[in-house]
Amino acid sequence: MAEQNFDLIVIGAGPGGYVAAIRAAQLGMKVACVEKDKTLGGTCLNIGCIPSKALLDSSEHFAHVKGKLSRHGIVVKDVGLDLGVMLKRKDQVVSGLTQGIAGLFKKNKIVHAHGMGKLVSSTEVEVTKADGSKEKLSAKNIILATGSEPTPLPSAPFDGKRVVSSTEALSFSEIPARLIVVGGGAIGLEMGSVWSRLGSKVTVVEFQDRIVPFADRQASQELLKVLTRQGLEFKLSTKVTQAKVSGKAVQVEVEDASGKKDKLEAEYVLVAIGRRPFSQNLGLKEIGIPQDKAGRVEVDAHFRTKVPNIYAIGDLIRGPMLAHKAEDEGIAAAEIIAGQHGHVNYEAIPNIVYTWPELASVGLNEDECKAKGLTYKVGTFPFIANGRAKAMDEVEGFVKVIADSKTDRLLGMHIVGPRASDMIAEAVMVMEFGGSAEDIARSTHAHPTLAEVVKEAALAVDKRQIHM
Ligand code: FAD
């Protein structure tokens with residue numbers, strides 16, 4: 001590598017790091033991005049958001065052909081499944097996108113330093129390459145964007161073969177007859193849905209009394225109902241006490257809140273209880289950058305660590321572990337370094353579970369409103385009363401709008417429904433502009449569209465919905 005001195009070094013090329021690198025380059029900085037893996041894009045592109053959505057979309061097509069098309073009068077005989085092709089397509093989607101990031105780096109003249117980055121001073125990063133050789137890069141500013149890794153469960157430690165993380169569950173070479181998913185959050189439900197649609201008997205074991213604990217209670221109950229109807233089995237308020245691999249099966253012992261024990265067995269156990277920040281061999285301690293008890297790098301409101309020219313973003317710091325949150329922090333941090341006023345509005349970060357139907361939410365849920373002592377109004381409207389949803393035969397779920405009782409300001413929106421992930425963008429915009437339920441209700445929504453349910457739910461806040 002010819003150039004060794006940079007304005008900015010970013011460590012980690014996930015959605016936080018690569019986006020920060022591109023934004024910094026746009027702002028005129030000379031940038032290097034250090035990435036230990038062969039491909040760019042981080043967890044999100046390689047083993048997270050993108051491959052999981054590719055499999056979700058493929059498996060949803062399969063479920064559609066098998067279960068729903070006959071209701072449209074379409075008769076398909078001999079439906080088959082070629083798992084190899086499905087997995088290959090997923091890998092092609094991933095490689096197309098990761099190569100795209102490499103192209104963007106080239107276009108923006110970002111130097112890609114392939115190797116493990118370690119802080120050796122406040123301005124220097126040592127990069128250890130795959131062959132063991134080392135080189136030193138220096139920069140005025142450094143952004144840490146090293147992301148996260150799956151959290152292990154002591155009672156069911158990963159073995160990478162039968163007790164696995166989402167990474168292995170994205171590439172099972174066979175359809176498991178039975179799959180136990182530990183954790184009823186987004187990743188567990190998405191991967192559980194994929195394999196259930198393809199034919200596995202899926203049992204989700206969740207420690208809490210509901211799935212998707214971050215979600216609005218009503219929305220999480222609705223999703224539970226729909227997924228149960230789809231054939232997934234749920235054991236709530238239940239913990240895994242032991243997992244024993246024997247041959248091609250795993251025996252799992254569980255215990256519910258009343259102390260009742262049970263035994264389950266499956267070909268695979270997917271442990272999806274959350275992710276933890278990844279900062280192995282990053283040299284944080286050595287240069288005096290503190291982390292909290294959960295391992296998150298501590299930063300101020302401007303993403304600055306204790307060392308003022310070293311910043312941290314994404315899954316490595318506080319806040320929801322989401323790709324779009326990491327991206328927005330990457331943009332904000334690059335702009336702050338350039339002397340601009342980069343900012344992330346944490347009140348309006350959407351959160352989505354890409355099951356079918358999807359669960360999408362932004363802002364406060366009812367429990368959070370109560371905990372904050374807010375007085376609020378609620379409007380809900382079901383997809384079953386919407387013309388487009390009926391035409392599509394996608395009538396499960398609802399939109400729930402939460403607005404401040406006095407000011408009518410939009411406090412939160414929660415959607416369980418088809419393409420909820422796309423519809424939530426409207427609520428995000430309204431919240432960004434400090435808008436109200438009335439603003440949504442007065443805006444013309446094209447007919448017939450699913451988005452009309454959002455408008456009807458906003459009208460329902462003042463009990464003036466039209467089609468119910
Ligand atoms: P990462 O994407 O984890 O990237 C960090 C990068 O740093 C990695 O490439 C790593 O190799 C590199 N690195 C680490 N240490 C070093 C080092 N010392 N030197 C050099 N390189 C290093 N989020 C969503 O918003 N939507 C979704 O649909 C979604 N689906 C998901 C599905 C799954 C199965 C998983 C696992 C996650 C999903 N996520 C989703 C979460 C999302 O992937 C993360 O929030 C996001 O990738 C975080 O971005 P990041 O840049 O902070 O870190």
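Assorted remarks:
- Overall, the anisotropy analysis places the chain in the oblate class: the square-rooted eigenvalues a ≥ b ≥ c of its C-alpha gyration tensor yield a/c not less than 1.5, with a/b not exceeding b/c.
- Peptides 404-410, 54-60 ranked from most to least packed give 54-60, 404-410, packing being the mean of other C-beta atoms within 10 angstrom over each peptide's residues.
- Dipole magnitude (debye, nearest 20) for the range 222-343, charges at Cβ of Lys, Arg, Asp, Glu: 420 debye
- A cut-off of 5 Å between modelled amide H atoms, ignoring neighbours fewer than 5 places along the same chain, links residue 270 with 164, 180, 181, 182.
- Å² of accessible area per residue within the range 297-363, as computed with a 1.4 Å probe and no ligands counted: 38 Å²
- Sparsely packed loop sites in the range 113-202 (the trypsin sites (Lys or Arg not before Pro) outside DSSP H, G, I, E and B with at most 14 other Cβ atoms within 10 Å) comprise 129, 161.
- Of the GluC sites (Glu not before Pro) found in the range 320-365, not one falls in a DSSP loop while having at most 13 other beta-carbon atoms within 10 Å.
- For the range 320-389 versus the range 77-112, the gap between their alpha-carbon centres in whole angstrom: 28 Å
- Net charge dipole size for the range 345-450 [Lys, Arg +1 and Asp, Glu -1 on Cβ; Debye, nearest 20]: 240 debye
- DSSP bridge analysis restricted to the chain gives an antiparallel fraction near 65%, rounded to the nearest 5.
- Share of carbon and sulfur in the accessible area of the range 272-330 stands at 49%, probe radius 1.4 Å.
- Alpha-carbon centroids, the range 123-167 and the range 212-232: separation in whole Å: 34 Å
- Taking all Cα-Cα distances within the range 380-468, those exceeding 17 Å account for 40%.
- Listed residue pairs exceeding 31 Å between alpha carbons, taken from 53/261; 36/109; 129/306; 129/161; 225/325; 129/325: 53/261
- Of all DSSP bridge pairs formed entirely within the range 22-127, close to 50 percent run antiparallel.
- For residue 151, the residues whose amide H sits under 5 Å from its own are 273, 274, 275, 276, ignoring neighbours fewer than 5 places away on the same chain, with H placed 1.01 Å from N.
- Surrounding net charge for residue 158, when Lys and Arg each add one and Asp and Glu each subtract one, Cβ distance under 15 Å: +2
- Relative to one another, the C-alpha centroids of the range 402-468 and the range 18-54 are positioned 34 Å apart.
- Peptides 85-91, 447-453, 269-275, 10-16 ordered by average Cβ neighbours within 10 Å, highest first: 10-16, 269-275, 447-453, 85-91
- For the range 105-246, the per residue solvent-accessible surface stands at 42 Å², with DNA, RNA and ligands left out and a 1.4 Å probe.
- Structure-based [θ]222 nm, the chain - -39500 (n - 2.57) summed over DSSP H runs of at least 4, per residue, nearest 500: -9500 deg cm²/dmol
- Selection among 240, 79, 385 by position relative to the dipole of the chain gives 79 as farthest towards the positive end (Cβ unit charges, Cα centre).
- For the chain, the Cβ-based charge dipole about the Cα centre amounts to some 520 debye (Lys, Arg positive; Asp, Glu negative; other atoms uncharged).
The values are calculated or read from the model by the stated rules, or taken from the named source; none is laboratory data. Predicted model, so just to flag it, every value in this text is computed and none were measured. In this analysis, Cβ positions are derived from the backbone assuming ideal geometry, glycine residues included, and neighbour counts consider all displayed protein chains. Note: areas computed on protein heavy atoms with side chains; ligands, DNA, RNA excluded. Shrake-Rupley method; radii C 1.70, N 1.55, O 1.52, S 1.80 Å.
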